[in-house]
Amino acid sequence: MAANEGIALGVWVRGFPNGPDAMDRYRRLTGHAPAIVHLFRNWTDATGTFDPALADAITSQGATPMISWQPPARDLGAVARGEHDDYVQAYAEAVAEWGGRLLLRPAHEMNGEWIPWRSDPATFRDAWHRLRATFRDAGAANVDWVWSPHVVDRRAAPFEPFFPGAHEVDWVALDGYNWGRSHRSTRWQSFDAIFADSYRRMTALAPDRPVMLAEIGCAEEGGDKAAWIRDALLDAVPNRYPAVRSVVWFHDAPAGHADWRVDSSPGTLAAWREVVTDARYAGRIGAS
């Protein structure tokens, strides 16, 4: 379930897998072979079918795939009622047939007001339970279920009501970003200011589950990004957040967001290279 021998350091890399060399460029840039390769997949487009060849390509590099599995907008009620059972069962059967370890993160950030699939907590829990039951029936025991709200803030509600139960999750996760001064309404925040309160809430909610920082990033505007990375990943996480067993960086600069990339400046890249060579981040996700 959890990472072996240290914290598993993963990454989302824009362009992968559509540009097959995107991950190779990241590896050459950073010297890092990620323990987790993060993918976003939508139920309703061409990415919605499980791709065993892609999963094999990821595992052949020593990584574990993590799929953020994004359901249709405003449709978790239909999921809970079983209206998507045929699709979910086919997906589960394909994952079971593949047989490798898969981190599956359905309907992440469910507590965020910006999320298209946001629903009331009871509907979310019912949908989650139905997904779990379908995968169990399909024999997909090779899936680790990652329950992943956003950190609680002015736009993300307390996540506790959405919790489907400790027996229904393998990992609990948090998403959080330091937006800095990239927008008029945002400000520079320390790692602790973003994560400390939600980490306490999460470890109280599920004390026996490993914690993942499933999406994390820092802007350049408003402060020292390199120093932020060093504080967050070389001090805070290993020394003050002992339940965190995996960190997955968001290596992208989406339009309308900020430049989260690990090479957004030479100083930032130098700090990231310190992290990836730190022995405390040598963890890997065990085989299924």
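Within region 209-227, the residues that satisfy the criterion of being over 19 Å from the mean Cα position of the chain (by Cα) and either more than 16 Å from Asp252 (Cβ to Cβ) or surrounded by fewer than 20 Cβ atoms within 10 Å (Cβ to Cβ) (or both) are Glu221, Gly222, Gly223, Asp224, Ala226, Ala227.
Can you tell which of Gly6, Gly77, Gly62 is under 19 Å from Trp249 (Cβ atoms), of a type in the set (Gly, Ala, Ser), surrounded by fewer than 16 Cβ atoms within 10 Å (Cβ to Cβ) and over 14 Å from the mean Cα position of the chain (by Cα)? Please lay out each step first, then the result.
Values: Gly6 fails: surrounded by fewer than 16 Cβ atoms within 10 Å (Cβ to Cβ); Gly77 fails: under 19 Å from Trp249 (Cβ atoms).
That would be Gly62, the only listed residue that is under 19 Å from Trp249 (Cβ atoms), of a type in the set (Gly, Ala, Ser), surrounded by fewer than 16 Cβ atoms within 10 Å (Cβ to Cβ) and over 14 Å from the mean Cα position of the chain (by Cα).
Within the set Ser190, Ser246, Ser265, Ser182, the sole residue that is crowded, with 23+ Cβ neighbours inside 10 Å, hydroxyl-bearing (Ser, Thr, Tyr) and over 17 Å from Glu109 (Cα atoms) turns out to be Ser246.
Taking region 262-273 only, how many residues are under 10 Å from Cys218 (Cβ atoms) and either under 18 Å from the mean Cα position of the chain (by Cα) or part of a loop (DSSP other than H, G, I, E, B) (or both)? Matching residues across region 262-273 total 2. Within region 96-115, residues that are closer than 30 Å to Ser60 by Cα and crowded, with 24+ Cβ neighbours inside 10 Å have Cβ atoms under 6 Å from residues that are of a type in the set (Gly, Ala, Ser) and modelled with pLDDT of 95 or more in these pairs: Arg105/Ser68; Arg105/Ser148, counting only partners at least 6 apart in sequence or on another chain.
If only residues of region 274-288 that are in a helix (DSSP H, G or I) and of a type in the set (Val, Ile, Thr) are counted, the one that is surrounded by the most Cβ atoms within 10 Å (Cβ to Cβ) is Val275. Look at (1) farther than 25 Å from Met66 by Cα; (2) surrounded by 14 or more Cβ atoms within 10 Å (Cβ to Cβ) and you find that Ser198 fails only one, number (1). Only one entry in Gly62, Gly19 is more than 22 Å from Gly283 (Cα to Cα) and of a type outside the set (A, V, I, L, M, F, W, C), namely Gly19.
Among the residues of region 49-57, none qualifies, meaning not one is among the polar types (S, T, N, Q), within 17 Å of the chain's Cα centre (by Cα) and modelled with pLDDT of 95 or more.
Against the definition (at positive phi and out of contact with any Pro (no Cβ under 7 Å at 6 or more places or on another chain)), how does Gly217 come out, yes or no? Spelling it out, it is not the case that Gly217 is at positive phi and out of contact with any Pro (no Cβ under 7 Å at 6 or more places or on another chain). In region 7-21, the residue that is nearest to Val79 (Cα to Cα) out of those that are modelled with pLDDT under 95 and small (Gly, Ala, Ser) is Gly15.
The values are calculated or read from the model by the stated rules, or taken from the named source; none is laboratory data. These numbers were taken from a predicted model, which means no experiment stands behind them. All Cβ positions, even for glycine, are placed from backbone atoms using ideal geometry, and neighbour counts span all protein chains on display.
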